[in-house]
Amino acid sequence: MQPEFRDDGPIFDILGVGFGPSNLSLAAAIDEHNSTVPSTPLRAVFVERKRSFGWHEGMLLDQATMQVSFLKDLAAMRNPRSRFTFLTYLHERGRLVDFVNHKTLFPLRIEFHDYLEWVAGQFTDLVHYGDEVVDVRPVEADGKIAWLDVVSRDVDDPTVEVVRRTRNLVIASGLVPFLPPGVERTDRIWHSSEFLDRAAELNAAPATCTVIGAGQSAAEIAGYLHEKFPQAHVHAVFSRYGYSPADDSPFANRVFDPAAVDEFFAAPAHVQQKFFQYHANTNYSVVDLELIQDLYARVYRESVRGEPRLHMHHMTEVETAASETGRVRLRLKRLTSGERVDLDTDLVIYATGYRPMDPLGVLGSVAGLCKHDASGRLRVQRDHQVVTEGSVECGIYVQGGTEHTHGLSSSLLSTTAVRAGEIVRSILDREPRGTTPRCSNTL
Ligand code: FDA
């Protein structure tokens, strides 16, 4: 039997699906609103399938740094006086002076994770961890869809389902690891997203490791394995000629400004295409220049010593990956000559990126009420609200998965703080006060 909403349960103003940086920033924006405008408080709840807070934990490599300025944290670009800024975090941790002396805009990824966890720790009463949203059902009142019933399932006990009712839904379900078609994960074939978890399970140092891909994660993992296992041969396989640097120069970086979202949103489709043609190299299949130089220096040092251990297979594709006893045999194709060679390896790490999660999967029964463009993609307004049938009075918002409408920063942190503020503003502006019951309880 399907679980039902209990009539004595609260009706939320906002229910957030996922509690990564996007909805964490939303929680901060709601908190800021509630404390500055207590006359129109918003009641929010978040549902996160992980058992506790975590941000790309499989890639929290010791030396990896952020690819975005710490000033683009969860709050500062929206409200520099917020108590949820990275600077406030540093101050509370007693590291503000040390960080200033460090003279960097780009903190370690493990430090940024600690910052995110610090913010998440201030909202524990709002989040249901270990709970996965599996369906969203429309609730009618007077011929209109006034609320949404959000069904979630306990990740440890799938027989336990809970229904929560909300006026607005904000989906921030993030990215899904991408593996090339036909590739199956095994105990020796991994995706970069699970790298550290799987590496911790190794009971012997590998003699040979192979990393596939030419992006930041691929380069980081190749460097990490090379350092971590000083006897191992590390093979980097990619179809480009060489790793290419990420363009984070000042003018190009403007493509991640809040103003660029306005320009992208208003532009005709063929101009939107140009944003990607010209500036994909700010984010996709690119690597920090320092890391490229570091890897090159290692290869060069080894060639001087005559002991090559870090091997670059450029313009090379993997045709097949066959699990042999305890090893993997890769069939590589050299793109320039067409030659095929076999490479036997103990481990293969596919650093082949991610795809945005399809919000329709989360929306379940409500998906049919959402409108699409000619290419089948969700139609999303500038305020991040999905365009729905006229009968839908409640709001469905998306954070991420909107590159086609909001541009390159959609799945990144650059505009997270501003976007969360825009969503709160939109919800407050839309709310038809007095026509539907508002919650009496607030955060
Ligand atoms: P994110 O994926 O972080 O969180 C989504 C959450 O939703 C997850 O916790 C997931 O468990 C949960 N969820 C999904 N479906 C659910 C369901 N049905 N029910 C309940 N919960 C559900 N960007 C940047 O600007 N600068 C950077 O330096 C980096 N660095 C970086 C490193 C690595 C290794 C990766 C993979 C990515 C980055 N990024 C980045 C990009 C990255 O997408 C971005 O930093 C944020 O993670 C986006 O935050 P979100 O909250 O939108 O998604």
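The values are calculated or read from the model by the stated rules, or taken from the named source; none is laboratory data. None of these values were measured; they are calculated from a predicted model. All Cβ positions, even for glycine, are placed from backbone atoms using ideal geometry, and neighbour counts span all protein chains on display. SASA here: full protein model, heavy atoms, side chains in, ligands and nucleic acids out. Shrake-Rupley method; radii C 1.70, N 1.55, O 1.52, S 1.80 Å.
Can you tell me which residue within region 166-187, out of those that are buried (at least 21 other Cβ atoms within 10 Å of the Cβ) and away from the ligand (no atom under 11 Å from the Cβ), is farthest from Asp13 (Cα to Cα)?
Taking the candidates together, the pick is Leu169.
Here's a check for you: in region 235-262, which residue that is assigned to a helix (DSSP H, G or I) and without any contact (Cβ under 8 Å) to a residue 40 or more places away in the chain is surrounded by the most Cβ atoms within 10 Å (Cβ to Cβ)?
Start the filter on region 235-262 by keeping residues that are assigned to a helix (DSSP H, G or I), which leaves 250-256, 258-262.
Then keep just the ones that are without any contact (Cβ under 8 Å) to a residue 40 or more places away in the chain; that gives 250-254, 259.
Values: Pro250: 6, Phe251: 7, Ala252: 14, Asn253: 16, Arg254: 13, Ala259: 9.
Among those residues, the one meeting the criterion is Asn253.
Please find, within region 196-213, the residue that is nearest to the ligand (Cβ to nearest atom) out of those that are surrounded by fewer than 24 Cβ atoms within 10 Å (Cβ to Cβ) and of a type in the set (A, V, I, L, M, F, W, C).
Leu196
Before we move on, is Val119 under 22 Å from the mean Cα position of the chain (by Cα), in contact (Cβ under 8 Å) with a residue 60 or more places away in the chain, assigned by TED's automatic domain parsing to the domain that holds Gly54 and crowded, with 21+ Cβ neighbours inside 10 Å?
On the way: under 22 Å from the mean Cα position of the chain (by Cα): yes; in contact (Cβ under 8 Å) with a residue 60 or more places away in the chain: yes; assigned by TED's automatic domain parsing to the domain that holds Gly54: yes; crowded, with 21+ Cβ neighbours inside 10 Å: yes.
Against the criterion (under 22 Å from the mean Cα position of the chain (by Cα), in contact (Cβ under 8 Å) with a residue 60 or more places away in the chain, assigned by TED's automatic domain parsing to the domain that holds Gly54 and crowded, with 21+ Cβ neighbours inside 10 Å), Val119 qualifies.
Keeping to region 76-127, report how many residues are among the basic types (Lys, Arg) and touching a strand residue (DSSP E or B) at 6+ places or on another chain (Cβ under 8 Å). Spell out the reasoning first.
Taking region 76-127 first, the residues among the basic types (Lys, Arg) are 78, 81, 83, 93, 95, 103, 109.
Retained after the next criterion (residues that are touching a strand residue (DSSP E or B) at 6+ places or on another chain (Cβ under 8 Å)): 109.
Total satisfying the criteria: 1.
Only one of Phe19, Phe53, Phe5, Phe70 is part of a loop (DSSP other than H, G, I, E, B) and touching a Lys or Arg at 6+ places or on another chain (Cβ under 7 Å). Can you tell me which?
Details: Phe19 fails: touching a Lys or Arg at 6+ places or on another chain (Cβ under 7 Å); Phe53 fails: touching a Lys or Arg at 6+ places or on another chain (Cβ under 7 Å); Phe70 fails: touching a Lys or Arg at 6+ places or on another chain (Cβ under 7 Å).
Phe5 is the lone residue from the list that is part of a loop (DSSP other than H, G, I, E, B) and touching a Lys or Arg at 6+ places or on another chain (Cβ under 7 Å).
Mind checking which strands (runs of 3 or more DSSP E) fall wholly inside region 298-407 and carry at least 3 residues that are closer than 26 Å to Glu263 by Cβ and open to solvent by 60 Å² or more (accessible area, probe 1.4 Å)?
On the way: elements: 310-313, 316-324, 327-334, 340-345, 347-350, 354-356, 395-398.
Result: 354-356.
Which residues, counting only those in region 327-360, are free of Cβ contacts under 8 Å to residues at least 40 places away in the same chain and more than 16 Å from the ligand (Cβ to nearest atom)? Lay out the reasoning, then the answer.
Just the residues of region 327-360 that are free of Cβ contacts under 8 Å to residues at least 40 places away in the same chain, to begin with: 329, 331, 333-334, 336-342, 360.
Scanning region 327-360 gives Arg329, Arg331, Lys333, Arg334, Thr336, Ser337, Gly338, Glu339, Arg340, Val341, Asp342.
Can you tell me which residues in region 345-370 are touching a Leu at 6+ places or on another chain (Cβ under 8 Å) and not aliphatic (A, V, I, L, M)?
Matches in region 345-370: Thr345, Tyr350, Thr352, Tyr354, Arg355, Pro356, Pro359, Cys370.
Considering only region 61-72, state which residues are more than 14 Å from the chain's Cα centre (by Cα) and crowded, with 16+ Cβ neighbours inside 10 Å. Please lay out each step first, then the result.
Residues of region 61-72 that are more than 14 Å from the chain's Cα centre (by Cα), as a first pass: 61-65, 69-72.
Answer for region 61-72, where residues must be more than 14 Å from the chain's Cα centre (by Cα) and crowded, with 16+ Cβ neighbours inside 10 Å: Leu61, Ala64, Thr65, Ser69, Phe70, Lys72.
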